[in-house]
Structures are given as structure tokens and as C-alpha cells.
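Structure first, commentary second.
The values are calculated or read from the model by the stated rules, or taken from the named source; none is laboratory data. On a predicted model such as this, the values are computed, not experimentally measured, just so you know. Note: ideal-geometry Cβ built from the backbone for every residue, glycine included; neighbour counts use all protein chains shown. Ligands, DNA and RNA are excluded from the accessible area calculation, which covers all protein heavy atoms including side chains. Shrake-Rupley method; radii C 1.70, N 1.55, O 1.52, S 1.80 Å.
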Amino acid sequence: MRLSCLQQFQIRKFPRSSFMAQSASAGPAKKLIQIDVSADTVCPWCFVGKKNLDKAIASSNDQYNFEIKWHPYFLNPSAPKEGVVKKDYYRNRFGPRVEQMESRMSEIFEGFGMEYDRDGLTGNTLDSHRLIYFAGQQGPDKQHALVEELCLGYFTQGKYIGDRQFLVESARKVGLVGAAEFLEDPNSGLKEVNEELQKYSANISGVPYYVINGKHQLSGGQPPETFLRTFQTAAGK
């Protein structure tokens, strides 16, 4: 279950996902769009996909209610917990291609009004997935907000995804209760993360990967228009 997100220059087109249920407004009942997302917190294309998904949701939440759920995926299951320097890791993994790949990602992030930070450490993402699972227990809206906070820190602020202080601070910003205590026990959420890996990610080869209403599948950092078309198909319009 590995894939280099930095190499996803050609976005494949398949569907999948899950977000925050919103209360139905007066008038005809809005159809529910459920989105299951498999992603890794060190995958830049996963963050790109999230930003585009958010745009699609914002432009169509007058038509649908959304429920999004995030599920774990490990690009590098053996990544060290102590972390390694990002620049060194990517240079060793991708060689001379890394400069072109990171320049491309910088351009994409700039399009979202963000700066792609190449500094800091990268490494094992297990604790971040444990925390995302924990957030989901307090509500899909908090889980979705936590994914945003973690990605902002890692991709734009040079934060290390395995740093306990960063994880706890991100949890605090989105209103999670009990995150520090949850992370303190290395077994908390471990069984559930492994179960979700088997259920949602065992048969896919890369992320981000979305399943919409249980059957419409997408992969890669899809543009908002692709999500909108899939919403229409899933809703039977």
C-alpha cells in the first residue's frame, strides 16, 4: 500500500468520499452525499484533493447534505517515528526529479493562496491517523477540520506530523476533548486504525481515494468539477 503522492502529475479519474451532515433546509429534502476518503497526512495530493472537495461542497451544499469520513493509508508504513529531514528523504527517494516535482507542487499550493513549505521533518504518520480516528468519534465535522489543521501545519508551516505537541495543538484548535490523554496510550485507536486500513485501503494502490455513496470511485487530486459531476450521478440527477 504505497504510492508517491509527489508523482501524481496526471490525475486519474475514479470517485470516493464522506463529510459533515448539514441540517435540511425548508423546501424539498436534500439528498445525502456520503464521502469516504482514504488518505495519508504526508501526501500533498491528498491535501490538494481536500481543498478541491471543499470547493465542490461549498458550491453545492444548497442541493445536498454531506457526510465525510476520513480513513488511514500509509505511503510508507516503515517510516521512522523520530522523523527525517524532508529534503533529504525526497532527494534520496526521487533523485534529481525532486526539484521539478516540488516546484510543481509549489505552483499548485500557490493557486490555493498557500505556500508549500519544503522544510521540516517527515516520518511515521500512525499517531496522526490515530488522532483522526479519535476526532471522528466526536463528529465528522471535527474530523474534517482536524485533517485541514494537520495538513496546514505539515505542508505550509514545516510542522512534523509525528510531533506530539503539534498533534495535540491541532486537536485543541478544532475543539477536540481528551486528545493528549488519548495519544498518551500507544494502543489507543490502534485496533481501529488497522481495521479501517483493511476495510477501506487494503485494495487500493494510491491516495487520495474517494468512494461516494458507497459505489462511485475517484482517485487523485480531482478538480471541483469532477466532484460536482459525481455528486449529481450519486444523487441520481
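Is it fair to say Met1 is open to solvent by 60 Å² or more (accessible area, probe 1.4 Å), assigned to a loop (DSSP other than H, G, I, E, B) and modelled with pLDDT under 95? Criteria met by Met1. Here segment 183-199 is the region considered, the condition is being on the phi < 0 side of the Ramachandran plot and assigned to a loop (DSSP other than H, G, I, E, B), and the residue that is least open to solvent (accessible area, probe 1.4 Å) is Ser188.
To keep it simple, each residue is scored yes or no on (1) at pLDDT below 95; (2) over 29 Å from Glu102 (Cα atoms); (3) among the hydroxyl-bearing types (Ser, Thr, Tyr).
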residue: Phe9; (1), (2), (3): yes, no, no
residue: Arg12; (1), (2), (3): yes, no, no
residue: Gly27; (1), (2), (3): yes, yes, no
residue: Leu32; (1), (2), (3): no, yes, no
residue: Asp36; (1), (2), (3): no, no, no
residue: Ser60; (1), (2), (3): no, yes, yes
residue: Tyr64; (1), (2), (3): no, yes, yes
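Assigned to a loop (DSSP other than H, G, I, E, B), open to solvent by 10 Å² or more (accessible area, probe 1.4 Å) and out of contact with any Asp or Glu (no Cβ under 8 Å at 6 or more places or on another chain): does that describe Glu115? Spelling it out, Glu115 is indeed assigned to a loop (DSSP other than H, G, I, E, B), open to solvent by 10 Å² or more (accessible area, probe 1.4 Å) and out of contact with any Asp or Glu (no Cβ under 8 Å at 6 or more places or on another chain). Reported count of residues in segment 95-112, each being aromatic (Phe, Trp, Tyr) and part of a helix (DSSP H, G or I), is 1.
A single member of Ala202, Ala180 is surrounded by fewer than 21 Cβ atoms within 10 Å (Cβ to Cβ) and either touching a strand residue (DSSP E or B) at 6+ places or on another chain (Cβ under 9 Å) or closer than 19 Å to Asn76 by Cβ (or both), and it is Ala202.
A count restricted to segment 88-107 and to residues that are open to solvent by less than 90 Å² (accessible area, probe 1.4 Å) and out of contact with any Phe, Trp or Tyr (no Cβ under 8 Å at 6 or more places or on another chain) stands at 6.
Can you tell me which residues in segment 198-229 are aromatic (Phe, Trp, Tyr) and over 17 Å from Cys43 (Cβ atoms)? Across segment 198-229, the qualifying residue is only Phe227. Residues that are in contact (Cβ under 8 Å) with a residue 60 or more places away in the chain and small (Gly, Ala, Ser) within segment 141-179 comprise just one, Gly162.
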